1. Taking the residues in segment 122-165 that are charged (D, E, K, R) and farther than 14 Å from Gly86 by Cα as candidates, determine which candidate is surrounded by the fewest Cβ atoms within 10 Å (Cβ to Cβ).
2. Could you list all residues from segment 197-212 that are surrounded by 24 or more Cβ atoms within 10 Å (Cβ to Cβ) and either within 10 Å of the ligand (Cβ to nearest atom) or touching a residue at least 60 places away in the same chain (Cβ under 8 Å) (or both)?
3. Could you tell me how many of the residues in segment 336-380 are of a type in the set (Phe, Trp, Tyr), under 15 Å from the mean Cα position of the chain (by Cα) and either surrounded by fewer than 24 Cβ atoms within 10 Å (Cβ to Cβ) or under 22 Å from Leu314 (Cβ atoms) (or both)?
4. Can you go through Ala356, Ala386 and tell me which one is within 16 Å of the ligand (Cβ to nearest atom) and either at pLDDT 95 or above or touching a His at 6+ places or on another chain (Cβ under 7 Å) (or both)?
5. Residues in segment 187-196: is at least one touching a residue at least 24 places away in the same chain (Cβ under 8 Å), hydrophobic (A, V, I, L, M, F, W, C) and over 24 Å from Gly127 (Cβ atoms)?
6. If only one of Ile110, Ile118 is in contact with a Phe, Trp or Tyr (Cβ under 6 Å, 6 or more places away or on another chain), open to solvent by 10 Å² or more (accessible area, probe 1.4 Å) and at negative phi, which one is it?
7. Report, by residue number, each residue of segment 489-539 that is open to solvent by 30 Å² or more (accessible area, probe 1.4 Å) and in a helix (DSSP H, G or I).
8. Restricting segment 390-411 to residues that are away from the ligand (no atom under 16 Å from the Cβ) and open to solvent by 20 Å² or more (accessible area, probe 1.4 Å), which is modelled with the highest pLDDT?
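The values are calculated or read from the model by the stated rules, or taken from the named source; none is laboratory data. What you see is a predicted model; the values in this text were computed from it and never measured. Backbone-built Cβ (ideal geometry, glycine too); neighbour counts: all protein chains shown. Just the protein is used for accessible areas: all its heavy atoms, side chains included, with ligands, DNA and RNA removed. Shrake-Rupley method; radii C 1.70, N 1.55, O 1.52, S 1.80 Å.
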Amino acid sequence: MAEAARSLTRGFFEGTIDTSILFPYPRISDDEDVRVSAFLAELTAYLEREVDRAWIDEHEQVPPQVIEELSRMGLFSISIPKEYGGMGLSQSAYCRVFEAVTAYDVGLGIILGVHLSIGIKGILLAGTEAQKRLYLPKAATGEWFASFALTEPGAGSDAQGIETRAVRGDDGHWVLNGDKIWIGNGSFSEIVVAFAQTPVVRKGETVDRVTAFILRPDMPGFTRGEPLRKMGARGSNQAELHFRDVRVPPENVLGEVGEGFKLAMRILNSGRQGLSAGAAGGVRNCLRMATEFAREREQFGRPIAEFELTQGKLAAMAADAFTAESVAYFTTGLADRGDVDYALESAAAKVWNSDALDRAVDELVQIAGGRGFVKGYPYERMYRDARITRIFEGTNEILRLFVGLSGMQGPGEYLRRIGQALRHPIKGLGLLREFAGDRVRMAVGGGEPEIAGDVQPALRRHYDYLAAHTRDLRAAVERVIRRYGKEVVERQFVVARVADMAIELYVRAATLSRTEALLDAHAAGAAQAPPLSSSRMALDDESVARILRLCDLACQRSGLRFRAARVALNDDRDDLLRSVAADVLG
Ligand SMILES: Cc1cc2nc3c(=O)[nH]c(=O)nc-3n(C[C@H](O)[C@H](O)[C@H](O)COP(=O)(O)OP(=O)(O)OC[C@H]3O[C@@H](n4cnc5c(N)ncnc54)[C@H](O)[C@@H]3O)c2cc1C
């Protein structure tokens, strides 16, 4: 069996920190940086000159001429490889552009993200050469927009429970029936990657497994519903799609028959990276607007920025913005390097950044006071626009369960093997000796992972905490597995807390890695940060001192959240929660 790719976050669950993944913080090439910066300058100038966000919100659409102009500029081609007519940007560079578009208008960002992050992604990942040549050039020009069609009325979070079905006829064609809801770009997409149950033989039995198909709207039996009306992100478009005896030629199967669910999950990793970058831009936007407002608004004869309670909100938002950006581009860097697993990391980045965005828009509205709530100011729209991020491409609850349960698999399997070895001690002697060694190291406090070697001294204590907390997570995971065994699947409070501990470790590690790179660049005499993320920081002495303060605050806050999850894991008040919930539910 092929060895599973390494993952920084899975490592945390095992009590290790893989410094070969953690360092150096990823960056894009100078060449790509120049190209992206030039493109972004043209794009943002156009958006600010021609695109009215309030109009989009009110009319619930992006004007067609805006889409046409952005297509002409090449926006919808940026992540498509050059050989298929695209700009061929890396995932990191793509996410920078996505972040900028989303920071300008969330609805427009979603049109772009549905098209490139998830719409054509399946063709890039699993398409045949013929499929790539047929669809990608038209997707690149914006002539054909793409959709990713998974969700159904009865299957949202439980995506494996989709009921759309496709059956292969004698002539090799598939006949597809079913209904999809809330499909992005659904009113106008020309390429629809749709998922359906198909009969496959597994271990001699015929069972249903998901397969991906590329549908075209001119296929007889394919119809669309009205555009969806929403609370926010109103420029984006979603619609129902209906399939009645749609005949799909065999060459439109995407990837292997029966392997569609795995493909959908790989596609969503890319989507979640985009969302985390978009959310990072959103947090930064909130910080900028809250700061401007707080400086200008006077009460009690002074700007409200002079009050400590306002300052606390701005400082927390600044730390969150620094972390959100660090984790977003650390994660895209994992995708770009290609030799590590990043499924847990993409989920963690989406969860943390969307939660941070929620905190940021909430505090923005609070700082703006009544003006935060009334129309005519941008704040209430930003509040509404942000809300979807915790819901789509995997709700944050489902993603926490995914991170917690997947992360515990490795240690769970190890402990299971230890249990077996104890029953057959002679055969399992080597494993038992290894386990005993681990226990002794942990008991004497010498087992914690270390970040050794030549690191920035200013970050030393944060690395030491990261190492100690990694050891805490490993110990907590072991206790949880011993206590609950397989039943842990039903212990969602516990799994979510374990996930929160791991997510905090991951985002703190990403923040430290980026700060390390910034300090290294400063030590090497650079006046400006290398292209590590979307915002380019100056690196004079004062800027570096500010970066260090931001990193300190971000790490401190992460440590507090980590400890809160650890403490909650060890207290047994969940019975009370369960009892009250039972009272409520009757
Ligand atoms: C604006 C918008 C755009 C979208 N775009 C697309 C798209 O382009 N393509 C596409 O396929 N889909 C799309 N979706 C669908 C979206 O991905 C789903 O809404 C999302 O996955 C959640 O599914 P659901 O709404 O059915 O919620 P449910 O699955 O019904 O969940 C409801 C609540 O229950 C919780 N919950 C569910 N199961 C569990 C559990 N086991 N344990 C604990 N809590 C649980 C959830 O976290 C959530 O809080 C879009 C949705 C919206 C609103």
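1. Keep residues of segment 122-165 that are charged (D, E, K, R), which gives 129, 132-133, 138, 143, 152, 158, 163, 165.
Right, trim to farther than 14 Å from Gly86 by Cα and you get 129, 152, 158, 163, 165.
Numbers: Glu129: 7, Glu152: 22, Asp158: 10, Glu163: 14, Arg165: 17.
For segment 122-165, the residue satisfying everything is Glu129.
2. Hit for segment 197-212 is Ala212, nothing else.
3. From segment 336-380, those of a type in the set (Phe, Trp, Tyr) are 342, 352, 373, 377, 379; that's our starting set.
Subset that is under 15 Å from the mean Cα position of the chain (by Cα): 342, 352.
Checking which are either surrounded by fewer than 24 Cβ atoms within 10 Å (Cβ to Cβ) or under 22 Å from Leu314 (Cβ atoms) (or both) leaves us with 352.
The number of residues fulfilling the criteria is 1.
4. Numbers: Ala356 fails: within 16 Å of the ligand (Cβ to nearest atom).
It is Ala386.
5. First, pick out the residues of segment 187-196 that are touching a residue at least 24 places away in the same chain (Cβ under 8 Å): 187-196.
Restricting the remaining residues to those that are hydrophobic (A, V, I, L, M, F, W, C) gives 188, 191-196.
Okay, now just the ones that are also over 24 Å from Gly127 (Cβ atoms), so none.
For segment 187-196, residues touching a residue at least 24 places away in the same chain (Cβ under 8 Å), hydrophobic (A, V, I, L, M, F, W, C) and over 24 Å from Gly127 (Cβ atoms): absent.
6. Values: Ile110 fails: in contact with a Phe, Trp or Tyr (Cβ under 6 Å, 6 or more places away or on another chain).
None of the other options fit; the residue is Ile118.
7. Within segment 489-539, Val489, Glu490, Gln492, Phe493, Arg497, Asp500, Asp520, His522, Ala523 meet the criteria.
8. Across segment 390-411, the extreme among qualifying residues is Gln409.
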